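Here, each number is a calculation from the coordinates, and none is a lab measurement. Since this is a predicted model, take the numbers as computed values, not measurements. Positions of Cβ are generated from backbone atoms using ideal geometry, with glycine treated the same way; all protein chains shown enter the neighbour counts.
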Amino acid sequence: MEEMGSSSSSAHKKPSLVSRLRTSCLSFAVSVQESFIYVKAFFVGQAKTVTAKNEKEASAAELEATKMQVEAADTAEDIKNRLNKSA
């Protein structure tokens, strides 16, 4: 009877390792995606700031870029939280 308990506990360790590895890889993928969105927001904001006709448009472009960066971070954080809850 004890042998079954020890073999089942070792069987449970492998899925947890696989699950942790899967979660880590997905978390890394989300971080990479967040980085790309962050960089995109930066360049979009810079382009709009450079092409702005007045100070108001330049401020709006900077605000929009910052908003895009915050949204990217929030989205990534939400996805990582859901991944950690499901693991």
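Which parts of the stretch 45-87 would a label at residue 27 reach, counting a residue when its backbone N lies under 18 Å from a point 7 Å out along Cα-to-Cβ? Within reach of a label on residue 27, which here means backbone N under 18 Å from a point 7 Å along Cα→Cβ, the stretch 45-87 contributes 73-87. Each residue, residue 66 and residue 86, gets one label point 7 Å from its Cα in the Cβ direction; the gap between the two is 3.4 nm. Here the spin labels are modelled as points 7 Å beyond Cα on the Cα-Cβ line, and at residue 75 and residue 47 they lie 1.7 nm apart.
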